[in-house]
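The values are calculated or read from the model by the stated rules, or taken from the named source; none is laboratory data. Note that the structure is a prediction, hence the values are computed from the model and not measured. Cβ: placed from backbone, ideal geometry, glycine included. Neighbour counts: every protein chain shown. Side chains are part of the model used for accessible areas, which takes the heavy atoms of the whole protein and leaves out ligands, DNA and RNA. Shrake-Rupley method; radii C 1.70, N 1.55, O 1.52, S 1.80 Å.
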Amino acid sequence: MKFTDGFWLRRPGVTAHYAQETYDLWADGDALVAYAPTKRIVTRGDTLGGAALTVTLTSPLEGVVRVRIDHHQGAHRSPGFRMPGAVEGAGAVTADDAEGTLTSGRLTARITHGAPWALDFEVDGVRVTGSGHKSLGYMELADGAPVPAEPAGVAGYTDTGLAPSATYVHEQLDLDVAETIYGLGERFGPFVRNGQTVDLWNADGGTSSEQSYKNVPFYLSSKGYGVLINQPEHVSVEVGTEAVERVQFSTAGESLEYLVFAGPTPADVIERYTALMGRPPRVPAWSFGLWLSTSFTTDYDEATVNTFVDGMRDRDVPLSVFHYDCFWMREFNWTDGEWDPRTFPEPERMLERMHVEKDLHVSAWINPYIAQRGRMFREGVENGYLVKRPDGTVWQWDLWQPGMALVDFTNLEARAWFQEFVRNLARQGVDAIKTDFGERIPTDVVWHDGTAPETMHNLYTQLYNEAVWEALVDVKGEGNAVLFARSATAGGQTMPVHWGGDNSSSYVSMAETLRGGLSLMSSGFGYWSHDIGGFEGTPDASVFKRWLAFGLMGSHSRLHGSNSYRVPWAFDDEAVDVARTFTRLKLSLMPYLYAASVQTAETGLPMMRPMFIAFPGDPACQLLDRQYMLGDDILVAPVFHDSEVQFYLPEGTWTSLLTGERVEGGRWVRESHGFESMPVYVREGAVIARGTRDDRPDYDFLTEVELHVYPGADGDRRIVLHGEDGASLEVTVTVAGEAVTAIGANGETVAARLA
C-alpha cells in the first residue's frame, strides 16, 4: 500500500502522521513503552491536539522482540496469530533519560529519547535494522480519495467486497547495502523480494501470477534476522518500493504489530520463528515415496485405477500412495463425503484391496466448499454450520460448485461435524487427505464467533486445515497423519504437507514452481511438493522427464494433472526409465532423508533449503533460485532445458552422487545431462546414509543401511540414524587411508564404505 508521491509528497487525499520523537519512555513490568507524538513538542501548547502513537515492546521468546503500535487503543484490535511457543518475561527492560532497551537473548531493541524517532534492533551488539525518521506512520485517507496503490492480486477489492479503510498504520525497517529479503509465503515471481510490492491476501491464482495460495507475513533477511507481521488481515509489504532504503508494511485500522527475530544466521532465525509459531511434526516414512493421482477431470473407476497401479508395478516403478481426486464423489456434490456409487460401489472393500493386495496407502481429495446438491449442504443449513450473510441467509455462489456454501469453522459444532466426515474417511481406509482450496474467502459475511471478515479471509485456511489435521491424528495417531494442503498462512507449517498449486506443463512453469517452493521454505515451512509434469495441459516428453527427476529429488513427490494422466508410459519408454531411476534413487536415500525430516521436526529447518540459508557466508548464494540443498549435504540443480544446466557450487570439493566425479567448488559449473541424470552433488566431508534396498520408503533405517563416506575433514565423523519408531543410533565413522569403520554407540558395527 503506497502512500507517497516520491520522497517529499503524499498521494492525493493522504494525510500522513509520522512519529517525530520519543516524548516519554518507561518500563512497565517486562514491557518497554514509548509515547511518540506525530509533531515535535517544544512548548506545552504543542501537546494539544494531533495524533500520538504508543509503541510497546515485549519479548515472547528468547531472541524475539514484539513491537505493538497503537493510535486509538480503544479501536478494534486484530487477534494476531496463535503463538504456541510464547513464554512470559523473556526480555529484560532498562529505561533512563537517554534511552530504553529491551534485551532478549542475542537481540536488543533500543529506543532513543527525544527527536528524531529512532528504534534500533541489534544482534550481538551490531545494528541489523531499525525504524527511523518518517518510518512509523499513521495514515488518514480523505473521503473519496483514491485507494493508495490498489493492491494487485487482492481479490477482495473486486469479488469479495473488501473495502479500503479510512486509516492505516505502517512501519518501515531499514535495508542495508547488498541486503536481500526472502519469504512472505509461496510466491512464484522473482525469488528475492527486493523491488516488489507484495499483497498478503490468499487467492486461487495459479502459479503464474502475483497471487498466492499461501500468504505468510514473515520475511527473512540475508543479514540474519526475520520479521513477522502479526496481522492475519490484508498486509501490504513494499520491499524497497515505497522507500528504496526500507521495507514498509502496512495494514488498515488503528494498530499494527510485528516481531523481530534474531539470527545471527537465517537458519537460526527459522529455528526461533518455528519455536514460537510451531514446528512441522514428523510425517510417516511412506509419505516420502511416489504418489500417483487419478488426475482431475479424467475418467476413471476402480478398473482404471488398477491399470495405473499394476502398470507401475509391472514396469518396476515403486509406488507408495494412490490419490483419488475430486470425482471420487459424484459431480455437483462436492463436498458431501460419499463415494460415487456408480464408479465405486464398495469403497471399503476397494480401499482394503489397495492396502492389502496393492500394498499402497490412499489419499483422497476434499474441500471446505459445500455444494447445494449434496447431503452435507442440507445438514449444514439445518444446523447453522454454514457461513452467513449479514441478513442471516447462507452465503452462496456458483464459481466452483453450483450454489456452494462455506463451512463456518469458527462454530465449534460445525467444526466437529466436518471432522466426523473426515474421521469416517479415515476409518474407511483413507490415509491422507488433500485439503484443496480455502483461499477466496468472502468478506461480506458474518462469522459465528464474531471474528472480523477481513481477519478471517487469510485465517480461514488455518482453521480448515487444523480441523482436518486433528481428525486424521485422532484416527491415525501422532506421526501418521498427512495432509496435502494448497492454502496456508502463518502457522500452517504445523500441518504438513503443502503442495504448489496449479502450474502449467512447461520448463518455465517448472522453474516458477521451484521458486514458489523455495519462497515457502524461507517462510518457516518444512515440507513441500508440487504437481510433477505440471497441472494444466499435457507436458511434452522432455519436460515430463526433467520434471520427474526434479520432483523425486525433493521432500514429497506426486504425479498429478488436470485433464490428462501422469503415468510415465503415456509419454514414452524413456519416461518410464527416468521414473524408475529417480524413484529408486530417492528410496535408497530414505535413511538420509528421514534423518533430515527429523531435523525439520526438531529445528524447523526445511528439508529443501534455499542456498542462502545453507551457505549464509557466500554472497553468490543470495540470488540462487534454480538449485537447493536437500538436507545438510546434497545439492540438487534441476535441468530446465533439454540438456544444458548451469549451477553454482560453493567452496569445497563436491562429489556427484550419480557418477562419483569430483568437482572443485567456489565457482559456476556448466554441464550437459541425459534424461536419467542431473546435477546431484554431495558436499565435502559428508556421510550419506543409503538404504540397502530401494523398493519402498518405509524400511528399517537403522539396520538396512550403509554409510557412504565422502572425502573431507580429518578425524572422526559422527552421524545419527533415525528410525520411524523414534529409535536413533549415533555412529562414529573413522577413515584411515582406504579403510573406513563405523561403530554405533553400543559398539555395533555399521556397514560403511568410501564413496
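Does region 129-182 hold any residues that are touching a Pro at 6+ places or on another chain (Cβ under 8 Å), at pLDDT 85 or above, of a type in the set (A, V, I, L, M) and assigned to a loop (DSSP other than H, G, I, E, B), and which are they?
If the condition is that a residue be touching a Pro at 6+ places or on another chain (Cβ under 8 Å), at pLDDT 85 or above, of a type in the set (A, V, I, L, M) and assigned to a loop (DSSP other than H, G, I, E, B), then Ala178 is the only one that fits.
Report, by residue number, each residue of region 475-497 that is open to solvent by 10 Å² or more (accessible area, probe 1.4 Å) and part of a helix (DSSP H, G or I). Spell out how you get there, then give the answer.
Here is the first cut: in region 475-497, the residues open to solvent by 10 Å² or more (accessible area, probe 1.4 Å) are 475-480, 494.
Answer for region 475-497, where residues must be open to solvent by 10 Å² or more (accessible area, probe 1.4 Å) and part of a helix (DSSP H, G or I): Val475, Lys476, Thr494.
With respect to Gly723, determine if the residue is small (Gly, Ala, Ser) and in contact with a Pro (Cβ under 8 Å, 6 or more places away or on another chain).
Values: small (Gly, Ala, Ser): yes; in contact with a Pro (Cβ under 8 Å, 6 or more places away or on another chain): no.
No, not satisfied.
With respect to Thr732, is the statement that it is among the polar types (S, T, N, Q), in a strand (DSSP E or B) and surrounded by fewer than 21 Cβ atoms within 10 Å (Cβ to Cβ) true? Full working, then the answer.
On the way: among the polar types (S, T, N, Q): yes; in a strand (DSSP E or B): yes; surrounded by fewer than 21 Cβ atoms within 10 Å (Cβ to Cβ): yes.
Taking the combined requirement at face value, the residue satisfies it.
Please specify each residue of region 195-220 satisfying the condition of being in a strand (DSSP E or B) and surrounded by fewer than 24 Cβ atoms within 10 Å (Cβ to Cβ).
Going through region 195-220, the residues in a strand (DSSP E or B) turn out to be 197-200, 214, 218-220.
Within region 195-220, Thr197 is the sole residue that qualifies.
If we only count strands (runs of 3 or more DSSP E) wholly inside region 13-73, which ones have 1 or more residues that are in contact with a helix residue (DSSP H, G or I) (Cβ under 7 Å, 6 or more places away or on another chain)? Explain how you work it out, then say what you get.
Working: elements: 14-18, 24-28, 31-37, 52-61, 64-70.
Those strands (runs of 3 or more DSSP E) span 52-61, 64-70.
Consider Val269 carefully, then state whether it is in a strand (DSSP E or B), buried (at least 24 other Cβ atoms within 10 Å of the Cβ), at pLDDT 95 or above and not hydroxyl-bearing (Ser, Thr, Tyr). Before the answer, list the steps.
On the way: in a strand (DSSP E or B): no; buried (at least 24 other Cβ atoms within 10 Å of the Cβ): yes; at pLDDT 95 or above: yes; not hydroxyl-bearing (Ser, Thr, Tyr): yes.
When the stated conditions are applied, Val269 does not pass them.
Closer than 20 Å to Arg584 by Cα and surrounded by 16 or more Cβ atoms within 10 Å (Cβ to Cβ): does that describe Gly723?
On the way: closer than 20 Å to Arg584 by Cα: yes; surrounded by 16 or more Cβ atoms within 10 Å (Cβ to Cβ): yes.
Yes; evaluated as a whole, the condition is true for this residue.
Among the listed residues Val42, Val55, identify the single one that is within 36 Å of the chain's Cα centre (by Cα), at negative phi and either among the β-branched types (Val, Ile, Thr) or open to solvent by 30 Å² or more (accessible area, probe 1.4 Å) (or both).
Working: Val42 fails: within 36 Å of the chain's Cα centre (by Cα).
One residue alone meets the criteria, Val55.
Given the criterion of a type outside the set (Lys, Arg) and within 28 Å of Glu122 (Cα to Cα), identify the matching residue among Glu242, Glu186, Glu233, Glu210. Talk me through it step by step, then tell me what you get.
Details: Glu186 fails: within 28 Å of Glu122 (Cα to Cα); Glu233 fails: within 28 Å of Glu122 (Cα to Cα); Glu210 fails: within 28 Å of Glu122 (Cα to Cα).
From the options Glu242, Glu186, Glu233, Glu210, the qualifying one is Glu242.
What residue, among those in region 298-342 that are touching a Gly at 6+ places or on another chain (Cβ under 9 Å) and among the polar types (S, T, N, Q), is surrounded by the most Cβ atoms within 10 Å (Cβ to Cβ)? First the steps, then the outcome.
Going through region 298-342, the residues touching a Gly at 6+ places or on another chain (Cβ under 9 Å) turn out to be 298, 317-321, 329-330, 332-338.
Narrowing further to those that are among the polar types (S, T, N, Q): 298, 320, 333, 335.
Details: Thr298: 16, Ser320: 21, Asn333: 19, Thr335: 25.
It comes out as Thr335.
From Phe640, Phe675, Phe647, which residue is surrounded by 15 or more Cβ atoms within 10 Å (Cβ to Cβ), under 27 Å from the mean Cα position of the chain (by Cα) and not in a strand (DSSP E or B)? Lay out the reasoning, then the answer.
On the way: Phe675 fails: under 27 Å from the mean Cα position of the chain (by Cα); Phe647 fails: not in a strand (DSSP E or B).
Sole residue among the options that is surrounded by 15 or more Cβ atoms within 10 Å (Cβ to Cβ), under 27 Å from the mean Cα position of the chain (by Cα) and not in a strand (DSSP E or B): Phe640.
State whether one or more residues within region 167-181 are buried (at least 24 other Cβ atoms within 10 Å of the Cβ), touching a helix residue (DSSP H, G or I) at 6+ places or on another chain (Cβ under 6 Å) and among the acidic types (Asp, Glu).
no
Suppose we filter Lys545, Lys434 for residues that are of a type outside the set (A, V, I, L, M), surrounded by 24 or more Cβ atoms within 10 Å (Cβ to Cβ) and within 24 Å of Leu406 (Cβ to Cβ); which single one remains? Explain how you work it out, then say what you get.
On the way: Lys545 fails: within 24 Å of Leu406 (Cβ to Cβ).
Every option except Lys434 fails the conditions.
Please state which of the following conditions Ala452 fails to meet, knowing it meets all the rest: (1) in contact (Cβ under 8 Å) with a residue 60 or more places away in the chain; (2) open to solvent by less than 30 Å² (accessible area, probe 1.4 Å); (3) farther than 26 Å from His76 by Cβ.
Checking Ala452 against (1) in contact (Cβ under 8 Å) with a residue 60 or more places away in the chain; (2) open to solvent by less than 30 Å² (accessible area, probe 1.4 Å); (3) farther than 26 Å from His76 by Cβ, the one that fails is (3).
Is one or more of the residues making up region 462-474 assigned to a strand (DSSP E or B), among the aliphatic types (A, V, I, L, M) and surrounded by 17 or more Cβ atoms within 10 Å (Cβ to Cβ)? Break it down stepwise before answering.
If we filter region 462-474 for residues that are assigned to a strand (DSSP E or B), which is where we start, we get none.
The answer is no, given that none of the residues of region 462-474 is assigned to a strand (DSSP E or B), among the aliphatic types (A, V, I, L, M) and surrounded by 17 or more Cβ atoms within 10 Å (Cβ to Cβ).
Kindly indicate which of Phe188, Phe249 is over 28 Å from Ala166 (Cα atoms) and crowded, with 24+ Cβ neighbours inside 10 Å.
It is Phe188.
Cβ-Cβ under 8 Å, sequence separation 6+ or interchain: first residue in region 610-638 and among the small types (Gly, Ala, Ser), partner open to solvent by less than 10 Å² (accessible area, probe 1.4 Å) and assigned to a loop (DSSP other than H, G, I, E, B). Which pairs?
So the pair list comes out as Ala620/Pro650; Gly631/Met607; Ala637/Gln627; Ala637/Met678; Ala637/Pro679.
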